[in-house]
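Structure first, then comments.
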Amino acid sequence: MATGVALAIETSCDDTAAAVVDATWRVRSSVIESSIDQHREFGGVVPELAGRAHLTTVGPVVRRALDDAGLDPRAPAIDVVAVTAGPGLVGSLLIGLSAAKAYSLAWDVPFVGVNHLEGHLFAPLLERPDLQWPIVTLLVSGGHSMIVVQRGPGEHVVVGETIDDAAGEAYDKVARWLGLAYPGGPEIDRLARQGTGGALKLPVSMTGDDFDLSFSGLKTAVVRATEKHPEVALADVAASFQDAVAEQLLRKLRRVLEAYGEVRGVALAGGVAANSALRRGVEALADEFAIPSLLPSLAMCTDNAAMIGAAGLHRFAHDGPSDLSLSARPNWSLSEVS
Ligand code: KG4
Ligand code: ZN
């Protein structure tokens, strides 16, 4: 069982975030500064710009997180500094890691490197400490899409994952094709609510019995179908694509729930967990299986440091501190952590 208080830092992509979390998963503060406005005109996150933004923002963000938690910034009463070590953009990760090591040395407290994806798995738990294990989590973000069976905090097995694009990546690419702003997920979600699903005929992908996912073919199908049927309204295209993504994700989630009979909750995590169709679908699935649905608040879906703090306290309790020689691990897979 984890004990203590963590200051957590997250800089794996475009958000600079810091939070103070305790071992009962109480979030004492959580601050997020996004550089997304700087990336919008390029249609995606520009690593160089993200790194520069972290460099100027990480200090003030940590300071605010400590202030908000009522901690003395010169000698805060914390037990560990937790920081995302990967996966993510190497330049961005290195800035968070260097800051965390500097605080760790200055305050004479240990530090622990955290896997960003394990952090996402902790996000729904932070808001539902009453949950019962095991749970099945659909983790869908801009960089990753996977289905994970969790038997307890930090005890996870990846049972299926995308064989090509991540779900959020498909949303962003389709949005770009449709001329919508970056990031495309929220834009398509907003438009889809005004449209009619099925107006654009799209193939059903990944109908096999396994638990793996795929979105690349669907993205190409949207391009082909919109070229062939330019008369279909934008909102209807958005709704058709959104339905196709949700249908695949929910079908695979159902298969996992059927295969792992003793499951006691179904959770969503990652940026795409904010999607309205997916949230409705997971709620309906949970009702059908008579288990609770764990849907994180929108702030807990996207990148934040509170989830890194919770995962960091767990890793610190189980594996001890990380060595100061720990470097960024841009391709660190979740399967390497358990
Ligand atoms: O987890 P996240 O903040 O960053 C990564 O670690 O990737 O996820 C960002 C992704 C983007 O691809 C964005 O388009 C998508 O989440 N996203 C959504 C929605 N809100 C954000 N996708 C679909 N529907 C949404 N409402
Ligand atoms: Zn993320």
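What's the number of the condition E155 fails, among (1) away from ligand 1 (no atom under 13 Å from the Cβ); (2) under 26 Å from S333 (Cα atoms); (3) of a type outside the set (V, I, T); (4) crowded, with 21+ Cβ neighbours inside 10 Å?
With respect to (1) away from ligand 1 (no atom under 13 Å from the Cβ); (2) under 26 Å from S333 (Cα atoms); (3) of a type outside the set (V, I, T); (4) crowded, with 21+ Cβ neighbours inside 10 Å, E155 is out only on (4).
Go through region 122-142 and report how many residues are under 22 Å from F211 (Cα atoms) and either surrounded by 16 or more Cβ atoms within 10 Å (Cβ to Cβ) or within 16 Å of ligand 1 (Cβ to nearest atom) (or both).
11
For region 256-263, indicate whether the set of residues that are at pLDDT 95 or above and open to solvent by 40 Å² or more (accessible area, probe 1.4 Å) is non-empty.
Yes.
Tally the residues that are under 22 Å from L298 (Cβ atoms), open to solvent by 30 Å² or more (accessible area, probe 1.4 Å), out of contact with any Gly (no Cβ under 6 Å at 6 or more places or on another chain) and outside any helix (DSSP H, G or I), restricting the search to region 176-223.
The number of residues fulfilling the criteria is 5.
Among (1) more than 30 Å from S325 (Cα to Cα); (2) under 21 Å from the mean Cα position of the chain (by Cα); (3) open to solvent by 10 Å² or more (accessible area, probe 1.4 Å); (4) within 14 Å of ligand 1 (Cβ to nearest atom), there is one condition A170 misses while meeting the rest; what is its number?
(3)
If T207 satisfies all but one of (1) more than 16 Å from ligand 2 (Cβ to nearest atom); (2) of a type in the set (V, I, T); (3) modelled with pLDDT of 95 or more, what's the number of the condition it fails?
(3)
Provide a single number: the residues in region 296-336 that are within 19 Å of P124 (Cα to Cα), open to solvent by less than 60 Å² (accessible area, probe 1.4 Å) and either within 14 Å of ligand 2 (Cβ to nearest atom) or assigned by TED's automatic domain parsing to the domain that holds V158 (or both).
Within region 296-336, residues that are within 19 Å of P124 (Cα to Cα), open to solvent by less than 60 Å² (accessible area, probe 1.4 Å) and either within 14 Å of ligand 2 (Cβ to nearest atom) or assigned by TED's automatic domain parsing to the domain that holds V158 (or both) number 11.
Look at V256 and say whether it is within 16 Å of ligand 2 (Cβ to nearest atom) and under 16 Å from L213 (Cα atoms).
No.
Hey, does region 225-239 have a residue that's more than 16 Å from ligand 2 (Cβ to nearest atom) and in contact (Cβ under 8 Å) with a residue 60 or more places away in the chain?
The answer is yes; a qualifying residue exists.
In a loop (DSSP other than H, G, I, E, B), over 15 Å from the mean Cα position of the chain (by Cα) and touching a residue at least 12 places away in the same chain (Cβ under 8 Å): is that true of L249 in this structure?
no
Does V58 qualify as being open to solvent by 10 Å² or more (accessible area, probe 1.4 Å), more than 20 Å from S325 (Cα to Cα) and β-branched (V, I, T)?
yes
Only residues in region 97-111 that are more than 14 Å from D79 (Cα to Cα) count as the first member; pair them with residues that are of a type in the set (S, T, N, Q) and open to solvent by 20 Å² or more (accessible area, probe 1.4 Å), Cβ under 8 angstrom, at least 6 apart or cross-chain, and list the lot.
L97/S327
Can you tell me which residue in region 264-295 is surrounded by the fewest Cβ atoms within 10 Å (Cβ to Cβ), limited to those that are more than 15 Å from ligand 1 (Cβ to nearest atom), hydrophobic (A, V, I, L, M, F, W, C) and not in a helix (DSSP H, G or I)?
In this case the residue turns out to be A290.
When region 1-35 is examined, which residues are found to be within 14 Å of ligand 1 (Cβ to nearest atom), under 16 Å from the mean Cα position of the chain (by Cα) and open to solvent by less than 50 Å² (accessible area, probe 1.4 Å)?
The answer is E10, T11, S12, C13, D14, D15, T16, A17.
Which condition from (1) open to solvent by less than 10 Å² (accessible area, probe 1.4 Å); (2) of a type in the set (G, A, S); (3) in a helix (DSSP H, G or I) is the one that A82 breaks?
Failed condition: (3).
The values are calculated or read from the model by the stated rules, or taken from the named source; none is laboratory data. None of the values given here were measured: they were computed from a predicted structure. Please note: Cβ atoms are built from the backbone with ideal geometry, for glycine as well, and neighbour counts cover all protein chains shown. Heads up: the accessible areas ignore ligands, DNA and RNA and are worked out on the full protein's heavy atoms, side chains in. Shrake-Rupley method; radii C 1.70, N 1.55, O 1.52, S 1.80 Å.
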